[in-house]
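A.B. asks: After the structure tokens below, expect a handful of questions from me.
The values are calculated or read from the model by the stated rules, or taken from the named source; none is laboratory data. A quick note: this is a predicted structure, and the numbers were derived from the prediction, not measured. Backbone-built Cβ (ideal geometry, glycine too); neighbour counts: all protein chains shown.
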Amino acid sequence: MAMSSSSSSSSSVRLRMNPANYFRPSAAPSSLHLLRRLPVAASPLRLRAARATEGDARQLFDEMPRGVEEVGEEEEERQRRRLKIAVVGFGNYGQFLTRTLVRQGHTILAHSRSDYSAVAAELGATFFPDADDLCECHPDVVLLVTSILSTDSVLRSLPVHRLRRDTLFADVLSVKEFPKNLLLNTLPEEFDIICTHPMFGPESAGDGWAGLPFVFDEVRVRGGCPARRARADAFLDVFAREGCRMVEMSCAEHDANAAETQFLTHTVGRTLAMLELRPTPIDTKGYETLLRLVDNTCSDSFDLYNGLFMYNNNSTELLNRLEWAMDSVKKKLFDGLHDVLRKQLFEGSPPLDSGSAVAAVGSPVDDVAIGDGDVDSDYDEEEKE
Ligand code: NAP
């Protein structure tokens, strides 16, 4: 099995820390060779070693090397956690994630159906139009950021045999059971798998990721191998160190919750969008929240929304319940109206006035909170106005 970056970099750390493991002069050429083969996680060390001549090698290992000495423990830890990440699917969300990944010092190799060479260069990533070339770079992590609908075909088109056999695959799809089963059924057994869902996007995380939920399920990480464990931790740390609220949850549980929250939010947003709501001179706070909801949900692609429906087992039931809820509210209103009319027609009660109409209809329908209490009731304020 190929050695993962984490294993090589951590073994290089051990070599530096334990004098008993220092290479002796006679071993210098092969040590240099070893350093040259260090993966990206130890790139500064590798660069220094690559610049060294064979003559330098004796100095490099005989005495405590100056360059290595300068690497403080903090820096050492940072290097160890640097990953080479292939972002597959470089659209809206792939680019959004890449900004943070690059800022954290990871090496990003981007790949997508469309040519994003210029955008990638601007973001500090390298674009690979060819999936073979991408895989031959041996990324530590392959991160799927494709649309839910295209993930199956994109995954099957990747030449995974060109990757190292211990590669970590992760995804950020907004549904979780589907990619979990797909990855388990498609990838070679040696690959590790972590399914994730950062529950935020460019619209909701404009001010950073702190406090926002990051759901993850370590579907398959070989616990017995410290290097694989370290790499999985380094990947999860991308989100932890930004201050995300790390939520470990099974993919099934995620989908049940996400239908209730995310799919509902998107459905209400897209339904309201059909009404072509516009700001008015007398907008209430509640109405402004609805307008924002329309903006936030409709700025995501329809593919994303369609994926939330098609690939979450719980979505159909949620749609049915939403329809039932709308019908129930309507029924309450119309039942009250029929009562008033019946009384007028058959019992000779006086014509409808606003007071009796409200009394007949009953108390106003409770506000339905959308998302995290986003839509507050301003019914009372409106009544007073
Ligand atoms: P999206 O419409 O769901 O996905 C766009 C990406 O899918 C692009 O990279 C696009 O490639 C690729 N793609 C679409 N159809 C394809 C096809 N037939 N063949 C190959 N590639 C195809 O929009 P997104 O917002 O970027 O989301 C990407 C993923 O992130 C989704 O799985 C989504 O659920 C997840 N996610 C999104 C958010 C968010 O706020 N947007 C938040 C959390 C998770 P090209 O651009 O090269 O055509």
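A.B. asks: When you go through D376, D367, D283 one by one, which is the residue that is more than 16 Å from the ligand (Cβ to nearest atom), surrounded by 12 or more Cβ atoms within 10 Å (Cβ to Cβ), modelled with pLDDT of 95 or more and not in a helix (DSSP H, G or I)?
C.D. replies: D283
A.B. asks: Let me ask another. Would you confirm, using the coordinates I've provided, whether T261 is over 17 Å from the mean Cα position of the chain (by Cα), part of a helix (DSSP H, G or I) and hydroxyl-bearing (S, T, Y)?
C.D. replies: In short, no.
Residues are listed down the side, and each one gets a yes or a no for (1) in contact (Cβ under 8 Å) with a residue 40 or more places away in the chain; (2) within 17 Å of the chain's Cα centre (by Cα); (3) in a helix (DSSP H, G or I):
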residue: L97; (1), (2), (3): yes, yes, yes
residue: G105; (1), (2), (3): no, no, no
residue: A120; (1), (2), (3): no, no, yes
residue: V142; (1), (2), (3): yes, yes, no
residue: R156; (1), (2), (3): no, no, yes
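A.B. asks: Output the residue which, of all residues in segment 269-280 that are surrounded by 16 or more Cβ atoms within 10 Å (Cβ to Cβ) and not charged (D, E, K, R), is farthest from the ligand (Cβ to nearest atom). I'd like the intermediate steps shown before the answer.
C.D. replies: Of all residues in segment 269-280, those surrounded by 16 or more Cβ atoms within 10 Å (Cβ to Cβ) come to 269-270, 272.
Cutting the leftovers down to not charged (D, E, K, R) gives us 269, 272.
Details: G269: 13, L272: 19 Å.
Among those that are surrounded by 16 or more Cβ atoms within 10 Å (Cβ to Cβ) and not charged (D, E, K, R), it is L272.
A.B. asks: Additional query: Pick from segment 317-327 the residues that are loosely packed, with under 13 Cβ neighbours inside 10 Å and free of Cβ contacts under 8 Å to residues at least 12 places away in the same chain: which of them is nearest to S150 (Cα to Cα)?
C.D. replies: Only one residue tops the list, namely N320.
A.B. asks: Can you find even one residue in segment 328-338 that is more than 16 Å from the ligand (Cβ to nearest atom), of a type in the set (G, A, S), in contact (Cβ under 8 Å) with a residue 12 or more places away in the chain and exposed (fewer than 13 other Cβ atoms within 10 Å of the Cβ)?
C.D. replies: The answer is no; no qualifying residue exists.
A.B. asks: Which one of these does L158 not meet: (1) surrounded by fewer than 15 Cβ atoms within 10 Å (Cβ to Cβ); (2) within 16 Å of the ligand (Cβ to nearest atom); (3) over 25 Å from M249 (Cβ atoms)?
C.D. replies: Evaluating L158 over (1) surrounded by fewer than 15 Cβ atoms within 10 Å (Cβ to Cβ); (2) within 16 Å of the ligand (Cβ to nearest atom); (3) over 25 Å from M249 (Cβ atoms) leaves (1) as the failure.
A.B. asks: Output the residue which, of all residues in segment 234-243 that are of a type outside the set (G, A, S) and outside any helix (DSSP H, G or I), is surrounded by the most Cβ atoms within 10 Å (Cβ to Cβ).
C.D. replies: Ranking the candidates gives E242 first.
A.B. asks: Of the residues that make up segment 75-97, is at least one modelled with pLDDT of 95 or more, of a type in the set (G, A, S) and out of contact with any strand residue (DSSP E or B) (no Cβ under 8 Å at 6 or more places or on another chain)?
C.D. replies: Taking segment 75-97 and keeping what is modelled with pLDDT of 95 or more, we get 83-97.
Right, trim to of a type in the set (G, A, S) and you get 86, 89, 91, 94.
Within this subset, residues satisfying the condition of being out of contact with any strand residue (DSSP E or B) (no Cβ under 8 Å at 6 or more places or on another chain) are 91.
Yes, segment 75-97 contains a residue that is modelled with pLDDT of 95 or more, of a type in the set (G, A, S) and out of contact with any strand residue (DSSP E or B) (no Cβ under 8 Å at 6 or more places or on another chain).
A.B. asks: Would you say R342 is more than 30 Å from L236 (Cβ to Cβ), assigned to a helix (DSSP H, G or I) and within 16 Å of the ligand (Cβ to nearest atom)?
C.D. replies: No.
Matching residues to (1) polar (S, T, N, Q); (2) surrounded by 11 or more Cβ atoms within 10 Å (Cβ to Cβ); (3) modelled with pLDDT under 95:
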residue	(1), (2), (3)
R245	no, yes, no
H254	no, yes, no
T267	yes, yes, no
L290	no, yes, no
S301	yes, yes, yes
F309	no, yes, no
K343	no, yes, yes
D353	no, no, yes
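A.B. asks: Tally up the residues in segment 132-145 that are within 16 Å of D115 (Cβ to Cβ) and either buried (at least 20 other Cβ atoms within 10 Å of the Cβ) or touching a strand residue (DSSP E or B) at 6+ places or on another chain (Cβ under 6 Å) (or both), please.
C.D. replies: 1
A.B. asks: Just to verify a result, which residue in segment 208-229, among those that are at pLDDT 95 or above and of a type in the set (A, V, I, L, M), is surrounded by the most Cβ atoms within 10 Å (Cβ to Cβ)?
C.D. replies: Only one residue tops the list, namely V215.
A.B. asks: Answer yes if at least one residue in segment 187-207 is at pLDDT 95 or above, aliphatic (A, V, I, L, M) and closer than 28 Å to L264 by Cβ, and no otherwise.
C.D. replies: yes
A.B. asks: Give me the pairs, please: first residue somewhere in segment 228-247 and within 12 Å of G208 (Cα to Cα), second residue anywhere and surrounded by fewer than 21 Cβ atoms within 10 Å (Cβ to Cβ) and hydroxyl-bearing (S, T, Y), beta-carbon distance under 7 Å, and either six or more positions apart or on two chains.
C.D. replies: So the pair list comes out as E242/T100.
A.B. asks: If you don't mind, there's one more thing I want to ask. Considering only residues that are crowded, with 22+ Cβ neighbours inside 10 Å and outside any loop (DSSP other than H, G, I, E, B), which ones fall in segment 167-177?
C.D. replies: Passing the criteria: L168, F169, A170, D171.
A.B. asks: Any idea which of L173, L168, L109, L183 is within 15 Å of the ligand (Cβ to nearest atom) and in contact (Cβ under 8 Å) with a residue 40 or more places away in the chain?
C.D. replies: Exactly one residue qualifies, and that residue is L173.
A.B. asks: What is the one condition in (1) in contact with a strand residue (DSSP E or B) (Cβ under 9 Å, 6 or more places away or on another chain); (2) surrounded by fewer than 22 Cβ atoms within 10 Å (Cβ to Cβ) that H197 does not satisfy?
C.D. replies: Here H197 clears every test but (2).
A.B. asks: Report, by residue number, each residue of segment 72-95 that is in a loop (DSSP other than H, G, I, E, B) and touching a residue at least 40 places away in the same chain (Cβ under 8 Å).
C.D. replies: R82, L83, G89, F90, G91
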